[in-house]
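Presented below is the structure to which this report refers.
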Amino acid sequence: MSPPPRSLLRLSLLLALSLLPPSLPQPQPPPPPSSILIDCGAAAPTAAYGLPWQADAPFVSSGAPRNLAVDTADPTLATVRSFPNLPGRKFCYVVDVVRGARYMVRSTYFYGGVNGVPDPPVFDQIVDGTLWAVVNTTGDYRNDDSTYYEGVFMAQGKTMSFCVGANVYTESDPFISALEFVPLGDSVYNSTDFGSSALSLVARNSFGDSGDPIRFPDDQFDRLWVPFGGNGSSKTSNNLTVSGFWNLPPLKVFETELTATASQPLELQWPLGSLQNGSYYIALYFANDHDSVAGGSRIQDITVNGFPFYSNLNVTSDGVAVFTSNWPLVGLTKINLVPTSGSTLGPLINAGEAFQVLPLGRVTHTRDVIALEKLKLSLHNHPIDWSGDPCLPQQYSWTGVTCSQGGRRIRVVALNLTGIGLYGSLSPYLANMTALTGIWLGNNHLYGPIPNLSALRNLEILHLNDNELNGPIPSSLGAISGLKELFLQNNNLTGQVPSSLLNKPGLNLKFYGNSLLSAPPPR
């Protein structure tokens, strides 16, 4: 592939951050504040990894909790929540968050044969309106391992939704074992424009390590640093503080390293897997295990797939990190650390993180989202997939909801919930969906008055027939200039039919079957 553009190298490519002077070891951190750790399918709170986990019922309104028939060492894997295999419908967890804050979102899956077929299903996972990833846990499950997906997303509002949905490859019910929302520090990954992008984890490794993954309490955000062993790994005993690192890696990752002799380069194929063609955030972490005065110097050039990544990096015992927020990659990736002519020690690396930069999808207009949520609260027996973003991703819009196609902010243009057994009242917030052109709510069990809908200036069709609506017909309906069909028959409406409707040119008006309704007297 072509090299990164020169402007990228000069302007947005790399920042090197030195650690603060060495300090005494840090005390064990408390659990991350305001973290929401959900044990999916659990009936009661659990504990794992030294952290408290909540039962999932307060966060989800669909699906069924299931117990696995196999033993698991991790209590969060002993249960799942299973959702119907209904293509085009998504089922969501919704959590309260702080608008503008960045969250690590991690979903974990362990199938355990819960669907009664040998292999786990393949399905989509979605955050708010963005299709995040296709969940495929088959390879890990065949090795008796769980699978996790991790990303960093900014809260666009006061809630955040995480959803699963059946796609064309889904052959049995989608499921989930655990779900985490962990707020990150203000400095963590802050070079990314989270207003337009998210980060999807590809790899996070502790180099030279062959033990268990590093996580909480060593990592205050419970990020997982997976061991990445190899020839030349060795233990170090740095006495560092990570407060000078923007991404706040755990001290423990600096206890191991990959290195080479003084005159030899260190070559890594990392991340291990083949990467999709895209832009990537890469952060690399280094700390010298020798005093720079007494033990010599460690200066190295870094290349990625042969292209310069950072030159003359002076790795000291204080530590240093280099990162890029937008580096193009595809296929296998090779990182070379080459000692410079002035270096007396060989190249070294302690840890690394790689994320794919995930462009965010569009979002449904806030006023429409609020209006639909209010309508949902006023109705019973609404469709089971009414959670998460109403319009997005496009293939997962809510049942009965039709949305616009263009523009950054998507609008709701039609509601068609005819004959699905709704009962309840019509929320006045219905009038806030000002892009509506058609409303079909006939043949249900709706009661109460018809709200003032005069703000719906684009409305052409309004079907409220065959319900139990009462009260007068609002005369304000006559002010909707483009209204062509108004079906109100077979309700319990009272009073007189407004003359503004009877005399409206081109209006197909039906109001029979309302025994207490009358036409106005002739003039």
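So the values come out like this:
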quantity	calculated
By average C-beta atoms within 10 angstrom, highest first, the peptides 333-346, 265-278	333-346, 265-278
Value of Rg to Rh for the chain (Rh from inverse mean 1/r over Cα pairs, i.e. Kirkwood)	1.10
Karplus 3J(HN,Hα) series, Hz, for segment 40-47 with 6.51 cos²θ - 1.76 cosθ + 1.60 (x for Gly, Pro)	5, x, 6, 8, 8, x, 10, 9
Isolated Cys in the chain, by beta carbon distance under 4.7 Å	40
Relative contact order for segment 394-463, counting Cα pairs under 8 Å that sit 6 or more residues apart, in percent	30
Using a Förster distance of 35 Å, the FRET efficiency for residue 142-residue 187 (Cβ separation, nearest 0.05)	0.30
For residue 471, distant residues with modelled amide H under 5 Å away	494
Student exercise, segment 319-382 dipole from Lys, Arg, Asp, Glu Cβ charges, in Debye to nearest 20	220
Sequence of 310, 49, 109 from largest to smallest accessible area, 1.4 Å probe	49, 310, 109
Length gained when the stretch residue 64-residue 423 is fully extended (0.36 nm per residue, less Cα-Cα span)	126.9 nm
Cβ-derived FRET efficiency at R0 56 Å, residue 261 paired with residue 500, nearest 0.05	0.05
Using alpha-carbon coordinates, inclination of helix 366-378 to the longest axis of the chain, degrees	60
Under Karplus coefficients 6.51, -1.76 and 1.60, residue-wise ³J(HN,Hα) of segment 315-326 in Hz, glycine/proline x	8, 10, 5, 6, x, 7, 10, 10, 8, 10, 9, 7
Residues whose placed amide H lies under 5 Å from that of residue 157, excluding near-sequence neighbours	100
Karplus (6.51, -1.76, 1.60) ³J(HN,Hα), θ = phi - 60°, over segment 463-473, in Hz, Gly and Pro reported as x	10, 10, 5, 6, 10, 10, 5, 9, x, x, 7
Stretchable slack from residue 330 to residue 86, in nm (0.36 nm times residue separation minus alpha-carbon distance)	84.5 nm
Unit charges on C-beta of K, R, D, E only; dipole of the chain, Debye	2160
Inter-label distance for residue 384 and residue 71, nm, one decimal - labels placed 7 Å from Cα along Cα-to-Cβ	3.4
Förster-model FRET efficiency, 41 Å R0, residue 341 and residue 49, C-beta, rounded to 0.05	0.35
Computed helical MRE - 222 nm, the chain, DSSP H runs ≥ 4 contributing -39500 (n - 2.57), nearest 500	-1000 deg cm²/dmol
Top positive-direction residue, dipole computed over the chain with Cβ charges, set 477, 382, 176	477
Inter-site label distance for residue 470 and residue 402 at 7 Å from Cα along Cβ, in nm	3.3
Spin-label model distance (nm) - residue 34 vs residue 158, 7 Å beyond Cα toward Cβ	1.4
Non-local Lys pairs in the chain, i.e. 8 or more apart or on different chains, that have alpha carbons under 26 Å apart	10
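The values are calculated or read from the model by the stated rules, or taken from the named source; none is laboratory data. Keep in mind it's a predicted model, so treat the numbers as computed, not measured. So basically every Cβ, Gly included, is an ideal-geometry build from the backbone, and we count neighbours across all protein chains shown. These accessible areas exclude ligands, DNA and RNA; they are computed on the full protein's heavy atoms, side chains included. Shrake-Rupley method; radii C 1.70, N 1.55, O 1.52, S 1.80 Å.
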